[in-house]
1. Could you derive backbone 3J(HN,Hα) for the stretch 205-218 from the dihedral phi with the Karplus parameters 6.51, -1.76 and 1.60 (θ = phi - 60°), listing whole Hz in sequence and x where the residue is Gly or Pro?
2. Name the residue, out of GLY113, GLY73, GLY345, whose mean-square fluctuation peaks in a Gaussian network model built on the chain with Cα pairs under 10 Å.
3. For the stretch 284-397, what is the largest minus smallest coordinate of the Cα atoms on each principal axis, given in angstrom and ordered from greatest to least?
4. Just the number please: accessible area per residue for the chain, 1.4 Å probe, all protein chains included, in Å².
5. Give me the percent of the accessible area of the stretch 309-427 that comes from carbon and sulfur atoms, probe 1.4 Å, all protein chains in place.
6. Which of the pairs LYS200/LYS259; LYS349/LYS397; LYS259/LYS397; LYS130/LYS200 have their Cα atoms more than 28 Å apart in this structure?
7. Anyone know which of ASP75, ASP317, ASP293 comes out most mobile in the 10 Å Cα GNM of the chain?
8. How big is the accessible area of PHE376 in square angstrom, nearest 10, if you roll a 1.4 angstrom probe over the protein chains?
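The values are calculated or read from the model by the stated rules, or taken from the named source; none is laboratory data. Being a predicted model, the structure only gives us computed values, none of them experimental. Please note that ligands, DNA and RNA were not included when accessible areas were found on the heavy atoms of the full protein model with its side chains. Shrake-Rupley method; radii C 1.70, N 1.55, O 1.52, S 1.80 Å.
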Amino acid sequence: MIGLPSPLLFVLAFAAGAIFALAALAWFRSSTEARQRQRVDTMLSVARRYTLGDLSRPAPDYGDDDLGSVARGMDQAVQELGRRLDSLARDRARMEAILASMIEGVLVVNEQGRLQLVNDAARRILKLEKDSIDHSYVEAIRHPGIVEHIGRALKGEEPEGLELSVTRDTTRTLVARVAPVVTAGRGAVLVMHDITDLRKADLIRRDFVANVSHELRTPLTAIKGYAEALLDDGDDAEARRRFLEIIHRHATRMERLVKDLLRLARLDAGQEAVELAPCDIDALVRGIVNDFDAVAQEKGQTIGAHIAPEAAMLVTDAAKLHDVVRNLVENAVNYTPEGGAIDVGAAVKAGRFQLTVADTGHGIAPDDLGRVFERFYRVDKSRTRPGGTGLGLSIVKHLVQVLNGEVVVENQPGGGALFTVILPWRS
Ligand code: ADP
């Protein structure tokens, strides 16, 4: 074996070492680059997922070097933005739910005159298309008054409220208010209230006042006239007595009217307490029938009662039920011609207590059936009873409502009116 000189051996050993070191370095670099690439790919895939709006999964381990720190920082910023977006979306959903449940119409226009927000009520009131968002308000809204008011608000003015009937529907009255809004840019918000019911209530109130004045003026004029006649010519004892009787009759009528009005006012204000107790229906009905027996006999009428055994006892406010039945029987006697028949019945049907007052009179014209419970409504003024106030059935309706029931009227197939009072059955 030829022995190699030791310096050569050293050089070879050094060269092999260098080659190995270079190979190791190359391997190390290439594997580091691969790892880096893999990390960058992971970051890119996370970024892609975030871009698509999926912020849910926890971020991977980004590593501890500078690249990892930057990725972690970006990730946290994205997560924070996501949380804020979530909260904004929740706020928006809440606002939309509130706007959707509002009966007032709300509409927002931006600086460019485009619709930014329209709630369901506004869409319904103004008959706007479903896709009206981002459309010009001038083209979308067909009401010139509203368009003009929005235009003024966009210029920063505060236009006064506007009363209007919406397109083609003249039965509804609305009040529209437009105000400028200044946030990022200038805009306008329109709010519309439907005041049809308020207007109706106002009309009913005015009619009521006019009716009361009229009903009071008639007896008052008579009283004044006869009192003056008495003052002028009070010597004739016979005439004096007659005049005084007339004055007394009219004063009684006025007293009854005022009493009924006060009762209605008390019922309206919920000031009549309900006192529930077991009530003997049989005794209550028979008592009222007896009270009217003499008047009925005078008119040749028969008046009777049929109380089913299970309806003979009811837990209710006896005084109020008494007033209801008395009123209905009094009407039946009054509006049934001579020789007719009146029948009061009580039974339990479909788990409810039913009290009926039926007569053999002329009944009520179909057009008037729905209106007889209104205040001062009289079907046929010429046939109204002299002492009547036109408030009796209105009081009946209120009393029955206070008792948690309902009262209905219909004409019987054989003629005559049939009033039915339906109450909860508690015995
Ligand atoms: P009134 O004081 O005029 O009787 P109500 O409120 O009791 O007032 O009744 C309202 C109207 O309903 C009456 O004026 C009458 O025209 C009609 N009416 C009530 N009961 C009957 C009935 N049994 N038959 C026919 N018409 C009736």
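1. 4, 5, 4, 4, 4, 5, 5, 4, 4, 5, 5, 7, 5, 4
2. Result: GLY73 has the largest fluctuation of those listed.
3. Largest to smallest, the principal-axis extents are 41, 30, 24 Å.
4. For the chain, the per-residue accessible area is 62 Å².
5. 51
6. LYS130/LYS200
7. Residue with maximal mean-square fluctuation among ASP75, ASP317, ASP293: ASP75.
8. Counting only protein heavy atoms, PHE376 exposes about 10 Å² to solvent.
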